[in-house]
Amino acid sequence: MIKRLSLCTLLAGTLTPAVTVQPCSAQAVETVAGIGGVFFRARDPQALAAWYEAHLGIARAPSNYDTQPWMPVAGPTVFAPFPRTTDYFGRPEQQWMLNFRVRDLDAMVQQLRSAGIEVKVDTTAQPNGRFGRLHDPEGNPIELWQPTLMIATVLPPPAASPDSARVTRVRAELERFYDLNAAAYMRGDLAAVMALRAEGFHAIPASGVRQDRAAMENYMQGIMNGIRKWNQMTFMIDSLTVVGDTAIAVVWQFLDRMGLRPDNQVHHVQTWVTQRETWVYQGDRWLMWRVDQLRNQRRLVDGRPG
């Protein structure tokens, strides 16, 4: 059945989110809540999905109902049909283009270029932010967008709700996790470290090669074997989004220790990194499920880059 809408109701849907317009009729109109998926044809779907996961941090579509799908961070989303004659997408036969929001365009561009991916950055200042362009392995255009702070002023402020209180509670629970995690590392208790991670725990490091739970356990064991003394472990949650039983945190991490290096000598090692962490609520606690989007990585060995 086709539902007919009045002209003023249609116009109401075209105004900016900061403007509230009541339809002529008192009857409420149901609207969609957001984009639930992007589906397109590919010559090699598995390889292309792996590329998007490794370089942009977009988790592959789940193969079962127990696995969490990709949970993007909330923010402005532009839905815009273009004229058929547009050249904005590049090649004339290209019918669509993906635009991904990023927090730090420079960091993302550096990460992509380090992986051998060509990225062009628009040097022209735009009122709505900064932009970069690249292509996936099958030639599909991708636009990176770092929105300006002005975008936030256009959006209505979030209404006070129990959700904000829940985010505060989850933040406190994750901070307690970091305390337990640091204590386990400092006493060399690998079993306690892994007990704080979900069964399907995995990571996508800067190399882009997926590391499953077993590989990460071996990696952590290697770190512990080389440590002679922990000086400091600091974790700070930069941002946190909670949706149902999933939490996504952007975390700043600083590690300071005395440890063995490849020359088999003990050195003073300091490392910094900002990473995205995905958490799942299982049983009665939060467990780390995925680590990806590593950026702003830095290492000093005896006070020098190394």
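We did not get these values from a lab; they are worked out from the coordinates using the rules stated. Small disclaimer: the values here were computed from a predicted structure and weren't measured. Cβ: placed from backbone, ideal geometry, glycine included. Neighbour counts: every protein chain shown.
Computed quantities for the displayed model
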item: Karplus-derived 3J(HN,Hα), 6.51/-1.76/1.60, for each residue of the stretch 195-206, Hz, glycine and proline x; result: 5, 8, 10, 5, 4, x, 4, 7, 9, 10, x, 4
item: Euclidean distance of C-alpha centroids, the stretch 73-126 and the stretch 238-292, integer Å; result: 29
item: Sorted by Cβ neighbour density within 10 Å, fewest at the top, the residues W70, W96; result: W96, W70
item: Amide H partners (placed H, <5 Å) of R101, local residues excluded; result: W145
item: In order through the stretch 260-276: 3J(HN,Hα) via Karplus (6.51 cos²θ - 1.76 cosθ + 1.60), integer Hz, x for Gly, Pro; result: 6, 10, x, 7, 6, 10, 7, 10, 8, 10, 10, 10, 10, 7, 10, 9, 9
item: Ordering of 179-187, 121-129 by burial proxy (mean other Cβ atoms within 10 Å per residue, highest first); result: 179-187, 121-129
item: Distant-in-sequence amide H partners of D122 (H built 1.01 Å from N, under 5 Å); result: F131, G132, R133
item: Mean Cβ count within 10 Å, highest first, over the residues of peptides 99-107, 167-175; result: 99-107, 167-175
item: Compactness index (Cα Rg / 2.2 N^0.38 Å), the stretch 162-305; result: 1.07
item: Residue-by-residue Karplus 3J(HN,Hα) for the stretch 229-246, coefficients 6.51, -1.76, 1.60, Hz, glycine and proline x; result: 6, 8, 8, 6, 9, 10, 10, 10, 7, 7, 8, 8, 10, 10, 10, x, 9, 10
item: Share antiparallel - DSSP beta bridges, the chain, percent rounded to 5; result: 90
item: P(r), alpha carbons of the chain - 10 Å bins starting at zero, rounded %; result: 5, 20, 30, 25, 14, 5, 2, 0
item: Per-pair calculated FRET efficiency, R0 = 22 Å: A80 and V32 via Cβ, rounded to 0.05; result: 0.90
item: Cα convex hull volume per residue for the stretch 42-154 (Å³); result: 142
